[in-house]
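A.B. asks: Following this message is one structure expressed as structure tokens.
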Amino acid sequence: MDARFRIRSATLADAAALVAIERRCFSDPWSEPSFCEALGSEWTFGLAAEATRGLAGYLIGREAAGSGEILNLAVAPEFRRRGIGGALLEAGLSAFRRRRASEVFLEVRESNRSAQALYLERGFRPVGQRASYYRNPKEDALVLRLPLHQHA
């Protein structure tokens, strides 16, 4: 793992930097108002991976009624393969445990093998598929689930 980053809570002040990463990573990116809405809601939380040269990645999660959902996880291309995605995911899972979620879901593009590998390594398993879930380009999503075990 690259020691030159730290995971912290994302704030509204991070929204523009999150959008910049989002636009580089996804073909159908969230808007700045979408990030602001997520970061300002009591049901959601954001984590940022801060590197010496600015933000390297982020995770946006949501919890309701005991179930968590990873809405978005991205690492800027120049920071990939340094353990940042895994660190964000682990920090996100810890946040879901603190919120008492019993399970976490996410959707991932069928073609995104590297993201699938990250999630499968952490224990996520396929539980479904959403036809034409992604718009640009149109593609199915795999739905993955991870049961969370609360630690006493």
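No value in this document is a laboratory result; all are computed from the given coordinates. The model shown is predicted, which means the values in this text are computed figures rather than measured ones. Virtual Cβ from ideal backbone geometry, glycine too; neighbours counted across all protein chains shown.
A.B. asks: What does the charge dipole of the stretch 1-104 about its Cα centre add up to, to the nearest 20 debye, if the Cβ of each Lys and Arg holds +1 and the Cβ of each Asp and Glu holds -1?
C.D. replies: 440 debye
A.B. asks: So, one more: What per residue convex hull volume, in Å³, comes out for the chain when only alpha-carbon positions are used?
C.D. replies: Hull volume normalised by residue count: 113 Å³.
A.B. asks: Assign one of three labels to the stretch 40-109, namely rounded, prolate or oblate, based on the Cα gyration tensor with a ≥ b ≥ c the square roots of its eigenvalues; rounded applies when a/c is under 1.5, prolate when it is not and a/b is larger than b/c, and oblate otherwise.
C.D. replies: Prolate is the answer for the stretch 40-109, as a/c is 1.5 or above and a/b outweighs b/c.
A.B. asks: Rounded, prolate or oblate: which one fits the stretch 79-134, using the alpha carbon gyration tensor with axes a ≥ b ≥ c (rounded when a/c is under 1.5, else prolate when a/b beats b/c, else oblate)?
C.D. replies: Oblate is the answer for the stretch 79-134, as a/c is 1.5 or above yet b/c matches or exceeds a/b.
A.B. asks: Using the alpha-carbon centroid of each, what span in Å lies between the stretch 88-149 and the stretch 36-77?
C.D. replies: The two parts, judged by their Cα centres, are 14 Å apart.
A.B. asks: Before rounding to the nearest 500, sum -39500 (n - 2.57) across all DSSP H runs of length at least 4 in the chain and divide by the residue total; then give [θ] at 222 nm in deg cm²/dmol.
C.D. replies: About -9000 deg cm²/dmol.
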